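Novice: Quick one: the structure is below, questions incoming.
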Protein chains: 2
Amino acid sequence: MNDQDSPRDDGFTRLVRSLPSTAPFVGPEALERASGRAFALRLGANESNFGPSPRARAAMRAAVERIEWYADPEAWDTRSAIAAHTGVGIQHIGIGAGIDDLLGQVVRLYLEPGSQVVASLGSYPTFGFHVAGFGGRIERIPYRNDRNDLDALAIAAQRTQASLVYLANPDNPSGSWSTGAEIAAFLDALPPQCVLLLDEAYLEFAPAEAQMPVDAANPRLVRFRTFSKAYGMAGARIGYLLAAPATVRALDKVRLHFGVNTIAHAGAQVALADQSYLAEVVAEVARGREEYAALAHDLGLVALPSATNFVTIDVGSVERARATVAALAAAGVFIRMPGAPPLDRCIRVTIGAASDRRAFTRILRELWPQIANQ
Amino acid sequence: MNDQDSPRDDGFTRLVRSLPSTAPFVGPEALERASGRAFALRLGANESNFGPSPRARAAMRAAVERIEWYADPEAWDTRSAIAAHTGVGIQHIGIGAGIDDLLGQVVRLYLEPGSQVVASLGSYPTFGFHVAGFGGRIERIPYRNDRNDLDALAIAAQRTQASLVYLANPDNPSGSWSTGAEIAAFLDALPPQCVLLLDEAYLEFAPAEAQMPVDAANPRLVRFRTFSKAYGMAGARIGYLLAAPATVRALDKVRLHFGVNTIAHAGAQVALADQSYLAEVVAEVARGREEYAALAHDLGLVALPSATNFVTIDVGSVERARATVAALAAAGVFIRMPGAPPLDRCIRVTIGAASDRRAFTRILRELWPQIANQ
């Protein structure tokens, strides 16, 4: 008998057996292994090819010299640096191996099996992965006018008496943003017990108006930030959350206390201190958004407004979006497209440094007539 | 109303509310912050002050240059390197941010709330942390003759119809080991549905007889290995497990697909390739075990036999063990002691490089008359 393929005898929980065998994302490396060709341009995961601050990079190289030591499980120095940067006390700050890790931890804090969650249809797949993984039920609300439909999300949260609502601001994959005032009103419109998980992975790229005032004492709001995007440290796996002290204390009951790499801590601390470098990256990304909007216009397409380091371009249909992703992949360019309607008529392209943007522009211009005529 | 301190209104799951507010370990950094003094010798967490292979260190420095890119979520290159090293297929290998992470994942695969688990009393606290965190019940079996009591563990597993049994071989905190044949017989004595979680964090330090033959197809055995100990990369957070393919596939349903640092992958791959460096570390640790046994003997104490990079020294009573830990801390030396009887009459000292061992020997010799007379 082959135990390992018998669903009744494997000993896994009912929940685990019920989960689909899908990962949130297929990495570009898997596509490269399948095709046998390496991508020349990696513009699909909103990584920053500007990289981290050179000072942060130097600090990470230096930290390799102490890789034999566990990092401080309380992450005191990193949390202190974040406290200084954000203006909230250290007791409001939780650290994890990126927002993915933190979302999983927070979902685990709140979701009983069968608990209800609300999120936008096609928003961050890893959030849905965690909700399913802890037995929650998710109601997905379509985007409206290519933006999060805050009214419909709040109505759904009320109707389902949701435990959690997930919102990314700025949003991925649309690139759109709401103002801090709109988010505050949205939070007020949620049921009294509902906790808003506000994913601010792209906040550094957004206009000031997108930032909600930090109300770190509010137990109904958990904000997620990362060093993976604007800070250019996706491979380091470090992010943080801002929340009420009771939430941070509860996370201590379930989180991996030794889950974050020593080098990531060192890099994050120095990256936060180099805000002038961050400002340069943000300014260059803003130039890139304009360039891609102009490129889209030249091709007869529309780039959605973006407050992130990517631009979502409407190519007219899901078929054409798939064809564009495939044609670019064949040309050595890794991009992704949104996974659900109405945004799946779009492609999503990360904004890299000027040389990457020129290369992408040249390749898309070359390929576009053929894609458009399919 | 202050929601954040109201246990009824916080929205956390019943399970989370039931968990104690304790972390598996207090880090030396927290002790340093409390005392206001840095430790001069860090011998409490079984880190390797030999550090990683110089080639692995160089690979990690080089990997900082690509820290802006996410690591491959399938960890193909790292798993391929482990496959070559262990002789099992890549489909048997799972990667995580250290054994802590992997234990949490595997516990989550198997434990329904109320499921029964068996482990030695005073064995790895992080395992118990995960069991509690997923609602399991743990029966703890005391050590016998300062070793895991395999007979009693198997009887308890049968009596409780345990879902999981945890065993570290070599063992922490006793330093003892069983032979591969003994472990195989132990596995046979467990109930048919019971999965053995075999923590081999210290296996590289152990005699060949401690290694159980790799039977990677057995769905009732999951083995855990790490780069934190002999490979000297505790701060990198990377470990692996060897298991049946169905187990590895099930982990894909719940694990963090982007949970391991790029630099950790790079270091692990090169560290595995430098087995001659590993052999040097292992030989030097063996010398250190002999030195510490001689030191204990000189002080009228007994060092327990160890197949690890630490030595557990019987100082006669829990009071004296606590006094020794405190006196060493006051002298700038971080060590720990086992947390439960009968081993809590011991201190546990990590074996570092020769200069560390000389310093520890000098300090303990100086302090011992005073501790012994308390």
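The values are calculated or read from the model by the stated rules, or taken from the named source; none is laboratory data. All figures in this text were calculated on a predicted structure; none of them were measured in a lab. Glycine gets a Cβ as well: all are built from the backbone with ideal geometry, and neighbour counts include every protein chain shown.
Novice: Do we have any residue at all in the range A:93-111 that's more than 17 Å from A:Asp199 (Cβ to Cβ), touching a residue at least 60 places away in the same chain (Cβ under 8 Å) and assigned by TED's automatic domain parsing to the domain that holds A:Leu221?
Specialist: Step one: filter the range A:93-111 for residues more than 17 Å from A:Asp199 (Cβ to Cβ), giving none.
So far as the range A:93-111 goes, no, none of its residues is more than 17 Å from A:Asp199 (Cβ to Cβ), touching a residue at least 60 places away in the same chain (Cβ under 8 Å) and assigned by TED's automatic domain parsing to the domain that holds A:Leu221.
Novice: Restricting to the range B:54-78, name every residue that is crowded, with 23+ Cβ neighbours inside 10 Å and either more than 7 Å from every other protein chain (Cβ to nearest Cβ) or at pLDDT below 95 (or both).
Specialist: Listed by number, the residues that qualify are B:Ala56, B:Ala63, B:Ala75, B:Thr78.
Novice: If you don't mind, there's one more thing I want to ask. For the range A:169-221, give me the residue count where each residue is within 18 Å of the chain's Cα centre (by Cα) and within 14 Å of chain B (Cβ to nearest Cβ).
Specialist: Residues that pass the stated criteria total 4.
Novice: Let me ask something else. Sort out which residues of the range A:147-167 are buried (at least 18 other Cβ atoms within 10 Å of the Cβ) and in contact with a Ser or Thr (Cβ under 6 Å, 6 or more places away or on another chain), and write them in order of number.
Specialist: A:Asn148, A:Ser163
Novice: Being part of a loop (DSSP other than H, G, I, E, B) and hydrophobic (A, V, I, L, M, F, W, C) is the filter here; which residues of the range A:242-270 pass it?
Specialist: Pass one, the range A:242-270, residues part of a loop (DSSP other than H, G, I, E, B): A:243-244, A:252-261.
The answer is A:Ala243, A:Ala244, A:Val254, A:Leu256, A:Phe258, A:Val260.
Novice: Show me the strands (runs of 3 or more DSSP E) found entirely inside the range B:112-168 where at least 2 residues are more than 16 Å from the chain's Cα centre (by Cα) and charged (D, E, K, R).
Specialist: Numbers: elements: B:116-120, B:137-141, B:164-168.
In the range B:112-168, B:137-141 are the strands (runs of 3 or more DSSP E) which contain 2 or more residues that are more than 16 Å from the chain's Cα centre (by Cα) and charged (D, E, K, R).
Novice: Say whether the condition of being more than 11 Å from chain B (Cβ to nearest Cβ), within 30 Å of B:Arg14 (Cβ to Cβ) and crowded, with 23+ Cβ neighbours inside 10 Å is met by at least one residue in the range A:101-117.
Specialist: yes
Novice: Okay, moving on. Would the range A:17-32 turn up any residue that is among the β-branched types (Val, Ile, Thr), within 10 Å of another protein chain (Cβ to nearest Cβ) and touching a Ser or Thr at 6+ places or on another chain (Cβ under 9 Å)? Quick ask: steps written out before the conclusion?
Specialist: Step one: filter the range A:17-32 for residues among the β-branched types (Val, Ile, Thr), giving A:22, A:26.
Those left that are additionally within 10 Å of another protein chain (Cβ to nearest Cβ): A:22, A:26.
Filter again for touching a Ser or Thr at 6+ places or on another chain (Cβ under 9 Å), leaving none.
The answer is no; no qualifying residue exists.
Novice: What number of residues in the range B:257-281 are away from chain A (no Cβ under 11 Å) and more than 19 Å from A:Glu29 (Cα to Cα)?
Specialist: Total meeting the criteria: 10.
Novice: Kindly check whether there is at least one residue in the range A:181-199 that is surrounded by fewer than 24 Cβ atoms within 10 Å (Cβ to Cβ), in contact with a Pro (Cβ under 7 Å, 6 or more places away or on another chain) and either at pLDDT 95 or above or closer than 28 Å to B:Glu47 by Cβ (or both).
Specialist: No, the range A:181-199 contains no residue that is surrounded by fewer than 24 Cβ atoms within 10 Å (Cβ to Cβ), in contact with a Pro (Cβ under 7 Å, 6 or more places away or on another chain) and either at pLDDT 95 or above or closer than 28 Å to B:Glu47 by Cβ (or both).
Novice: May I ask you to verify whether A:Ala266 is under 14 Å from A:Gly94 (Cβ atoms) and assigned by TED's automatic domain parsing to the domain that holds A:Ala201? Even if it seems obvious, please write down each step before you answer.
Specialist: On the way: under 14 Å from A:Gly94 (Cβ atoms): no; assigned by TED's automatic domain parsing to the domain that holds A:Ala201: yes.
For A:Ala266, the condition - under 14 Å from A:Gly94 (Cβ atoms) and assigned by TED's automatic domain parsing to the domain that holds A:Ala201 - is not met.
Novice: Here's a follow-up. Applying the selection to the range A:14-56, what residues are more than 22 Å from the chain's Cα centre (by Cα) and among the basic types (Lys, Arg)?
Specialist: A:Arg14, A:Arg17, A:Arg33, A:Arg37, A:Arg55, listed by residue number.
Novice: Would you say A:Ala230 is under 17 Å from A:Ser80 (Cα atoms), more than 9 Å from chain B (Cβ to nearest Cβ) and crowded, with 24+ Cβ neighbours inside 10 Å? Give the steps one after another, and end with the answer.
Specialist: On the way: under 17 Å from A:Ser80 (Cα atoms): no; more than 9 Å from chain B (Cβ to nearest Cβ): yes; crowded, with 24+ Cβ neighbours inside 10 Å: yes.
So A:Ala230 does not fit the description; no.
For every residue, the table says whether it meets (1) part of a loop (DSSP other than H, G, I, E, B); (2) not polar (S, T, N, Q).
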| position | (1), (2) |
| --- | --- |
| A:Leu198 | no, yes |
| A:Ala201 | yes, yes |
| A:Glu204 | no, yes |
| A:Glu209 | no, yes |
| A:Ala217 | yes, yes |
| A:Arg223 | no, yes |
| A:Ser228 | yes, no |
| A:Gly232 | yes, yes |
| A:Tyr240 | no, yes |
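Novice: Go through the range A:1-97 and tell me which helices (runs of 4 or more DSSP H), entirely inside it, have 2 or more residues that are small (Gly, Ala, Ser).
Specialist: Details: elements: A:14-18, A:28-35, A:54-63, A:76-86.
Where helices (runs of 4 or more DSSP H) fall fully within the range A:1-97 and carry at least 2 residues being small (Gly, Ala, Ser), they are A:28-35, A:54-63, A:76-86.
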